Amino acid sequence: EYKEEVRMSDSEVMEHLHRLGITNIRSLQKMERAKRNEILVMIKELNGVTLRQLSRITGISKSVIHKAR
């Protein structure tokens, strides 16, 4: 069975971040850990977003994003 892979563009990810109230990446980086992780989990759950992409966009390491719950 063939399953088409969907990829979300960086600008689409940024748009989702804006909808969650993140107007600039620096504010996400400076947030308290629990709130930041809450937002990261919401973005990770989107179809087509990769950890590497999210790390590149946010400047937060892949391991931190991976551990976010």
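Do the conditions hold for GLU45, that is, is it within 10 Å of the chain's Cα centre (by Cα), surrounded by fewer than 12 Cβ atoms within 10 Å (Cβ to Cβ) and of a type in the set (D, E, K, R)? For GLU45, the condition - within 10 Å of the chain's Cα centre (by Cα), surrounded by fewer than 12 Cβ atoms within 10 Å (Cβ to Cβ) and of a type in the set (D, E, K, R) - is met. Screening SER63 against (1) of a type outside the set (D, E, K, R); (2) open to solvent by less than 60 Å² (accessible area, probe 1.4 Å); (3) without any contact (Cβ under 8 Å) to a residue 24 or more places away in the chain leaves a single unmet condition, (2).
Looking across region 16-42, just one residue is β-branched (Val, Ile, Thr) and open to solvent by 40 Å² or more (accessible area, probe 1.4 Å), and that is THR23.
Exactly one residue out of ARG56, ARG7 is assigned to a helix (DSSP H, G or I), in contact (Cβ under 8 Å) with a residue 24 or more places away in the chain, open to solvent by 50 Å² or more (accessible area, probe 1.4 Å) and on the phi < 0 side of the Ramachandran plot, and it is ARG56. Candidates are the residues of region 10-53 that are hydroxyl-bearing (Ser, Thr, Tyr) and not in a loop (DSSP other than H, G, I, E, B); the one that is nearest to LYS67 (Cα to Cα) is SER27.
The values are calculated or read from the model by the stated rules, or taken from the named source; none is laboratory data. Every value quoted in this text rests on a predicted model; they were computed, and no experiment measured them. In this analysis, Cβ positions are derived from the backbone assuming ideal geometry, glycine residues included, and neighbour counts consider all displayed protein chains. Just so you know, the surface numbers come from the protein's heavy atoms only, side chains and all, with ligands and any DNA or RNA stripped out. Shrake-Rupley method; radii C 1.70, N 1.55, O 1.52, S 1.80 Å.
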